[in-house]
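Chemist: Next up is a structure, given as structure tokens.
The values are calculated or read from the model by the stated rules, or taken from the named source; none is laboratory data. Since the structure is predicted, the reported quantities are computational estimates derived from the model, not experimental observations. Methodologically, a virtual Cβ is constructed for each residue, glycine included, from the backbone with ideal geometry; neighbour enumeration extends over all protein chains shown. Surface accessibility is based on the protein's heavy atoms, side chains included, excluding ligands, DNA and RNA. Shrake-Rupley method; radii C 1.70, N 1.55, O 1.52, S 1.80 Å.
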Amino acid sequence: MDKRNFCIIAHIDHGKSTLADRMLEITETIPKRLMREQVLDRMDLEREHGITIKAHPIRMRYKSFIFNLIDTPGHVDFSYEVTRSLAACEGAILLVDAVQGVQAQTMSNLYMALDAGLIIIPVINKIDLPNAHIEDVRRELIDLIDSDEILLVSAKNGWGVEELLERIIEKVPPPRREGSLLQALIFDSYYDEYRGAIPYVRVMCGSIRAGDIVQFFRGGKTFEVQEVGYFSPDRTKSEVLESGDVGYIICNIRDAKDVKVGDTVVKSKIKYQKSRIEGQNVEPLPGYCEVTPYVYAGVYPADGEDYDSLKEALEKLVLTDSSLAYEPEVSSALGFGFRCGFLGMLHKKIIEERLEREMGISIVTTSPNIRYRVVLRNGGIIWIENPGQLPKPTEIENIEEPIVRARIFTPPEYIGKILKLCEGKRGIQRSILYHRENMVEIEYEIPLSEIIFDFYDNLKSISQGFASLDYEFLEYKPGDFVKLDILVNGKQVDAFSSIVSKERAYHEGVRLTRRLKEIIPRQLFEVVIQASSNGRIIAKSRVAPIRKDVTAKCYGGDITRKRKLLERQKEGKKKMKRIGMVEIPKEAFLAVRE
Ligand SMILES: Nc1nc2c(ncn2[C@@H]2O[C@H](COP(=O)(O)OP(=O)(O)OP(=O)(O)O)[C@@H](O)[C@H]2O)c(=O)[nH]1
Ligand SMILES: [Mg+2]
């Protein structure tokens with residue numbers, strides 16, 4: 001049967017998952033009774049947030065064709081999911097909302113798809129909406145991709161979706177079949193409690209079936225394949241995965257670390273060597289670029305005994321989200337934990353929620369920070385992902401911060417406010433481009449630290465939700481930074497340290513000491529909180545002592561009630577971290593950046 005492999009790419013909320021719903025209906029892939037809106041968004045978190053977080057592969061039958069569709073996320077924090085999906089496809093549907101028009105991630109996803117050599121099918125969605133600017137958006141798209149074959153659809157009520165399926169057959173080339181030796185790209189993976197780590201593969205050439213002995217090129221290990229299959233959307237067993245197919249392979253891989261996204265699956269060495277003798281050679285596929293996280297934070301188990309469970313949970317999470325980076329770290333305040341790297345604040349939040357909810361581990365996270373490049377006096381260069389590790393000022397020549405190129409799309413009426421926002425964030429304007437009457441593209445060079453935390457929310461609120469943002473790393477530039485430390489009763493708490501610009505150090509010191517005073521509960525003794533920079537105390541606050549006897553109120557002899565209160569107090573203490581004698585609630589560790 002002929003195959004077509006394609007993905008749907010777009011800016012966030014332009015209707016990718018809804019379009020996938022209509023395709024699944026037309027092709028009768030999912031029974032009617034199981035159909036619901038954005039049916040492919042199956043994770044609880046996806047449904048709660050109303051966004052796609054993971055790319056979802058699914059196989060459909062349409063006429064005499066097999067379609068492998070991948071629905072991708074639109075939020076900038078999950079763009080690595082898009083990159084990986086592209087490598088499994090020959091075509092991409094570029095979906096554009098008829099009201100919003102081309103937006104920041106429309107452009108960035110389009111460029112990624114073109115780089116990956118995909119055929120682009122431009123589609124305007126939501127044409128049912130009364131305020132759709134179909135002609136404007138069509139012109140915008142023509143400018144962008146130089147094709148006037150633009151389809152109009154409404155993913156909501158199904159208009160134009162069958163034409164789109166026909167267009168896919170016509171325009172997206174069938175997968176190439178070169179050579180008969182197995183080469184399959186691992187584009188994603190999953191950890192199943194019973195079946196172990198499961199690689200999701202796109203077979204580039206050759207075939208794979210149960211009983212085959214396969215080897216992972218980079219990992220080097222050999223496994224026997226127990227089951228192969230595809231997604232519909234659950235795993236569905238099949239006899240074979242052939243060249244061009246997208247599916248999964250189960251080989252009872254117990255160690256999550258054995259599966260690496262981007263790796264190539266080949267037939268085992270024995271056959272591999274034989275093939276060499278025959279004069280053929282199996283090369284690994286190019287795989288993916290490593291992603292560099294934008295935001296870092298310490299993640300610690302709330303209860304030190306959960307360290308191993310946290311480690312295991314992270315190993316499993318990385319399988320379903322290969323953009324997550326982590327390495328062990330030790331904090332004097334928080335004990336053993338991990339420094340995790342995320343692609344953005346939403347990514348961080350999702351990972352934290354998954355750790356707590358899917359994996360059931362209570363965690364303490366430190367405030368997020370970016371990665372600094374530090375040039376030392378002795379000529380060395382170090383990367384700082386944890387402010388607590390910044391060397392002494394006397395050893396530092398300069399501290400450099402990452403600068404990004406930010407691209408903002410907005411209707412013209414908000415330009416003034418947006419420029420003001422960017423200028424206030426140390427931005428340098430690069431260009432202002434008028435795309436059409438009601439859409440302007442503004443480009444700025446801005447320090448990453450200014451853009452990553454609350455910029456997006458500010459941008460959305462000053463533009464009433466109309467502006468969109470995309471950014472990419474540009475370069476490291478020296479800045480005037482100092483380390484700000486916090487001392488609790490004279491003891492420096494490493495997890496509270498941050499790197500701030502010199503001019504903001506005093507303001508930050510005052511803010512932090514005040515904030516911590518509000519968060520840290522009164523104890524049996526006085527707690528003094530100090531902020532220090534370059535060895536000087538720059539701000540101070542104190543939490544007055546109380547005598548906290550929770551049972552004092554229950555006079556009378558009700559011993560069970562007393563015991564209950566004491567138990568409850570003990571329960572509350574589990575959520576605290578002890579610094580010296582001082583009990584600090586876990587929210588405090590997030591106070592550093594608010
Ligand atoms: N009126 C109308 N609404 C639509 C249409 N397509 C999608 N929507 C709505 O747009 C919103 C976003 O749709 P989704 O399908 O979740 O968008 P998405 O592109 O998958 O979003 P992300 O995966 O988070 O990037 C939902 O409220 C949909 O009901 C359409 O054709 N017409
Ligand atoms: Mg979606």
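Chemist: When residues of region 445-503 are filtered for being closer than 30 Å to TYR414 by Cβ and either touching a strand residue (DSSP E or B) at 6+ places or on another chain (Cβ under 7 Å) or open to solvent by 10 Å² or more (accessible area, probe 1.4 Å) (or both), how many remain? I'd like the intermediate steps shown before the answer.
Modeler: Taking region 445-503 as the starting set, the residues that turn out to be closer than 30 Å to TYR414 by Cβ are 445-475, 477, 479, 500-501, 503.
Within this subset, residues satisfying the condition of being either touching a strand residue (DSSP E or B) at 6+ places or on another chain (Cβ under 7 Å) or open to solvent by 10 Å² or more (accessible area, probe 1.4 Å) (or both) are 445-454, 456-475, 477, 479, 500-501, 503.
Going through region 445-503 one residue at a time, the tally reaches 35.
Chemist: State all residues of region 1-21 that are touching a helix residue (DSSP H, G or I) at 6+ places or on another chain (Cβ under 7 Å), open to solvent by 10 Å² or more (accessible area, probe 1.4 Å) and within 13 Å of ligand 2 (Cβ to nearest atom); if no residue qualifies, say none.
Modeler: Of everything in region 1-21, just one residue is touching a helix residue (DSSP H, G or I) at 6+ places or on another chain (Cβ under 7 Å), open to solvent by 10 Å² or more (accessible area, probe 1.4 Å) and within 13 Å of ligand 2 (Cβ to nearest atom), namely ILE12.
Chemist: Step by step: first the residues of region 239-262, then only those that are open to solvent by 30 Å² or more (accessible area, probe 1.4 Å) and in contact with a strand residue (DSSP E or B) (Cβ under 8 Å, 6 or more places away or on another chain), then the one that is farthest from PHE187 (Cα to Cα). Which residue is that?
Modeler: GLU239
Chemist: State the number of residues belonging to region 361-386 that are among the acidic types (Asp, Glu) and open to solvent by 40 Å² or more (accessible area, probe 1.4 Å).
Modeler: 0
Quick grid of which residues meet (1) free of Cβ contacts under 8 Å to residues at least 24 places away in the same chain; (2) within 16 Å of ligand 2 (Cβ to nearest atom); (3) under 20 Å from PRO199 (Cα atoms); (4) open to solvent by less than 10 Å² (accessible area, probe 1.4 Å):
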| residue | (1), (2), (3), (4) |
| --- | --- |
| ILE30 | no, yes, no, no |
| LEU34 | yes, no, no, no |
| MET43 | yes, yes, yes, no |
| ILE51 | no, yes, no, no |
| ASP71 | no, yes, yes, yes |
| THR83 | no, no, yes, no |
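Chemist: Residues of region 351-402 being within 19 Å of ASP308 (Cβ to Cβ) and assigned to a loop (DSSP other than H, G, I, E, B), which ones?
Modeler: MET359, GLY360, ILE361, SER362
Chemist: Here's something else I'd like to know. Quick one: in region 52-88, which of the residues that are out of contact with any Lys or Arg (no Cβ under 7 Å at 6 or more places or on another chain), of a type outside the set (Phe, Trp, Tyr) and part of a strand (DSSP E or B) is farthest from ligand 1 (Cβ to nearest atom)?
Modeler: Selected residue: ARG61.
Chemist: Is it true that some residue in region 62-69 is open to solvent by less than 10 Å² (accessible area, probe 1.4 Å) and either within 14 Å of ligand 2 (Cβ to nearest atom) or not aromatic (Phe, Trp, Tyr) (or both)?
Modeler: Of all residues in region 62-69, those open to solvent by less than 10 Å² (accessible area, probe 1.4 Å) come to 67-69.
If we keep only those that are either within 14 Å of ligand 2 (Cβ to nearest atom) or not aromatic (Phe, Trp, Tyr) (or both) too, we end up with 68-69.
Taking every residue of region 62-69 in turn, at least one turns out to be open to solvent by less than 10 Å² (accessible area, probe 1.4 Å) and either within 14 Å of ligand 2 (Cβ to nearest atom) or not aromatic (Phe, Trp, Tyr) (or both).
Chemist: Please go through region 403-421 and pick out each residue that is outside any helix (DSSP H, G or I) and within 16 Å of ALA104 (Cβ to Cβ). Reasoning before the result, please.
Modeler: Within region 403-421, the first condition is being outside any helix (DSSP H, G or I), and the residues that meet it are 403-411.
Within region 403-421, VAL404, ARG405, ALA406, ARG407, ILE408, PHE409, THR410, PRO411 qualify.
Chemist: Another question, if that's okay. Would you check which residues across region 24-42 are away from ligand 1 (no atom under 12 Å from the Cβ) and out of contact with any Ser or Thr (no Cβ under 7 Å at 6 or more places or on another chain) and list them?
Modeler: Across region 24-42, the qualifying residues are LEU24, GLU25, ILE26, THR27, GLU28, ILE30, PRO31, LYS32, ARG33, LEU34, MET35, ARG42.
Chemist: Any idea how many residues of region 7-28 are assigned to a loop (DSSP other than H, G, I, E, B) and within 25 Å of VAL96 (Cβ to Cβ)?
Modeler: 6
Chemist: Right, another one. Please give the number of the condition SER309 fails out of (1) at positive phi; (2) of a type in the set (Gly, Ala, Ser); (3) modelled with pLDDT of 80 or more.
Modeler: Of everything listed in (1) at positive phi; (2) of a type in the set (Gly, Ala, Ser); (3) modelled with pLDDT of 80 or more, SER309 misses just condition (1).
Chemist: Which residues, counting only those in region 522-543, are small (Gly, Ala, Ser) and in contact with a Lys or Arg (Cβ under 6 Å, 6 or more places away or on another chain)?
Modeler: SER541
Chemist: May I pose another question? So which pairs qualify, if the first residue must be in region 500-518 and more than 17 Å from GLY479 (Cα to Cα), the second must be of a type in the set (Asp, Glu) and modelled with pLDDT under 95, the Cβ gap must be under 8 Å, and the two must be at least 6 apart or on different chains?
Modeler: What qualifies is ARG515/GLU594.
Chemist: Hey, could you check region 422-444 for residues that are open to solvent by less than 20 Å² (accessible area, probe 1.4 Å) and outside any strand (DSSP E or B) and say which is nearest to GLN103 (Cα to Cα)?
Modeler: CYS422
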